[in-house]
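Written out below as structure tokens is the structure these notes cover.
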Amino acid sequence: MGRVNFTGKRVDAHCCPEGRAQAFLWDAASPGLGLRATANGAKAYVFQAEIHGGTVRLTIGDPRSWSIEQAQEEARRLQRLIDDGKDPRVVKAEAHAALAAKAAAEALQAVTVGDAWAVYLEDRRPHWGERHYQDHIAKAQAGGAVAIRGTRGRGVTIAGPLRPLMLLKLRDLNAPTIEAWAAREANTRPTSARLAWRLLKGFLSWCAEQPAYAPVVTGNSAKTKKTREALGPAGVKQDTLQRAQLADWFAAVQRLNNPVIAAYLQTLLLTGARPGEVLAMQWEDINIKWKGLTIRDKIEGERTIPLTPYVAHLLAALPRRSAWVFSSAVTAPGKAPQPISKPHQMHERACAVAGIEGLTLQGLRRSFKSLTEWLECPAGVVAQIMGHKPSATAEKHYTVRPLDLLRVHHERIEAWMLAQAEIPFDATLSEPALKVVRLSGAQ
């Protein structure tokens, strides 16, 4: 392999002969330094040497960017590595990896809680129900957005309890910071803060399992005794309808001047569903052929329960203003129709007429569970209708109840409640005029 002393003229004049893919010119002053020219006219300094019984060739750079002296010095540096038994390719890869690790570490230091929270929601959303996902959105929202519904006259949304933490660096989300946050939030909205705290604990546990975030998340800094004490224990709700109150409650609700709200409240009690789940019902969720009602479960994502005769009778009488079963008659200009807001005030008004104090919408769900005790219904049946997790191994792994079996119990529950409420209703004579809108709801 002939060698020449590299000069500017020789570098400029070197080219690839016609018919060849590439041609090399080797420097006499620097062992291993060469100039490669390709058929398309490109040129580059290269380094070539023997190591560990093989040949290594590396590209140094374009002669327009590298002077001859710079290329010679680089070739000498690479040769020194060879002489030390080091493969320049491995050294280069390790250097790149170190730079990448350094850059990643610096980027991680700048990651905010909000950045990681968004990734967390995207990763976990397929495993959550819609209600659970919306809880995460609401508790971290910025607030200040104009809202027509759900602001209790304020006109704008308020920041969620987790919002102050979203602006922090993830590396700064430590136990003292969370404890101070808990103490502040407990003074103004303890119930909302307790839910936010539970969501935060799940988030930090997830972060600790992610290679991208684990270096700055040590353990779960939300799980401290001081934080738990600051937020206090969740109050145990006891509001339920008693058997003797059913007649007065139904009578007061049926006299409400809004038939959609009246139907919503009765459906809430007779299905045992969560208030938000009933609001989310759409006409396509009703399956007349199989007498099923699909509930958008906040935990499991979806469950199907029996469409009992009286509930079907209530739904058949509702106006079809939109896709929502319990649709609002008021629609903001340019906005799609929405379901009604949770009718807390209307329900409180009905309870006042009935002489019932402190009964909440969630209390109607508790009432369904407690009233079924009069009928000695199997606990697993009630849990499946309400969307509760099975509490026993046999229920969780072995008992599977089809819709028809659930219907036997659910219709008995409904008939008993109506009898206690002194509501004359003959299911055999009632044929609700509900159109079949979905045929895939049966289990």
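Between Lys389 and Gln134, what FRET efficiency follows from the Cβ-Cβ distance if R0 is 25 Å, with the result rounded to 0.05?
Here the calculated transfer efficiency is 0.80.
Taking Cα centroids, how far is the stretch 191-210 from the stretch 61-85 in Å?
The stretch 191-210 and the stretch 61-85 have Cα centres separated by 54 Å.
Could you list which residues have their amide H under 5 Å from that of Thr112, counting only those 5 or more apart in sequence or on another chain, with H placed in the peptide plane?
Here Leu170 satisfy the definition.
At Arg412 and Ser322, where each label point lies 7 Å from the Cα along Cα→Cβ, what is the point-to-point distance in nanometres?
Spacing of the two 7 Å Cα→Cβ label points: 4.0 nm.
Ranked from highest to lowest mean number of other Cβ atoms within 10 Å per residue, what is the order of the peptides 170-176, 409-415?
409-415, 170-176
Multiply the residue separation of Arg3 and Ala336 by 0.36 nm, subtract the distance between their alpha-carbon atoms, and state the gained length in nm to one decimal.
Gain in length upon complete extension: 112.0 nm.
How much length would be gained if the chain were fully extended between Ala101 and Ala251, taking 0.36 nm per residue of separation minus their Cα-Cα distance, in nm to one decimal?
47.1 nm
Of the listed peptides 269-282, 345-358, 241-254, what is their order by residue-averaged count of other C-beta atoms within 10 Å, with the highest listed first?
Ranked by mean Cβ neighbours within 10 Å, highest first: 269-282, 241-254, 345-358.
According to a simple spin-label model (label point 7 Å from Cα along Cα-to-Cβ), what is the distance in nm between Glu357 and Ile158?
Rounded to a tenth, the inter-label distance reads 2.6 nm.
Which FRET efficiency value, to the nearest 0.05, is calculated for Thr428 and Arg125 with the Förster distance at 41 angstrom and r the Cβ-Cβ distance?
About 0.40, to the nearest 0.05.
Among Lys291/Lys369; Lys201/Lys335; Lys169/Lys226; Lys102/Lys225; Lys289/Lys369, which pairs are too far apart, with a Cα-Cα distance over 32 Å?
In this structure, Lys201/Lys335; Lys102/Lys225 lie more than 32 Å apart at Cα.
What is the packing order of peptides 34-41, 289-296, taking the mean over residues of other C-beta atoms within 10 Å and listing the highest first?
In decreasing order of mean packing, 34-41, 289-296 become 289-296, 34-41.
Please give the contour-minus-distance gain from Glu284 to Arg57: 0.36 nm per residue of separation, less the Cα-Cα distance, rounded to one decimal in nm.
75.0 nm
Normalised by the number of residues in the chain, what is the relative contact order in percent for Cα pairs under 8 Å and 6+ residues apart?
13
Please label the shape of the stretch 113-231 as rounded, prolate or oblate, based on the square roots a ≥ b ≥ c of the eigenvalues of the alpha-carbon gyration tensor (a/c under 1.5 means rounded; beyond that, a/b larger than b/c means prolate, else oblate).
Cα axes put the stretch 113-231 in the oblate bin.
Here, each number is a calculation from the coordinates, and none is a lab measurement. This structure is a prediction, so every number in the text was calculated from the model and none was measured. With ideal geometry, Cβ positions are generated from the backbone for all residues, glycine too; neighbour counts draw on all protein chains shown.
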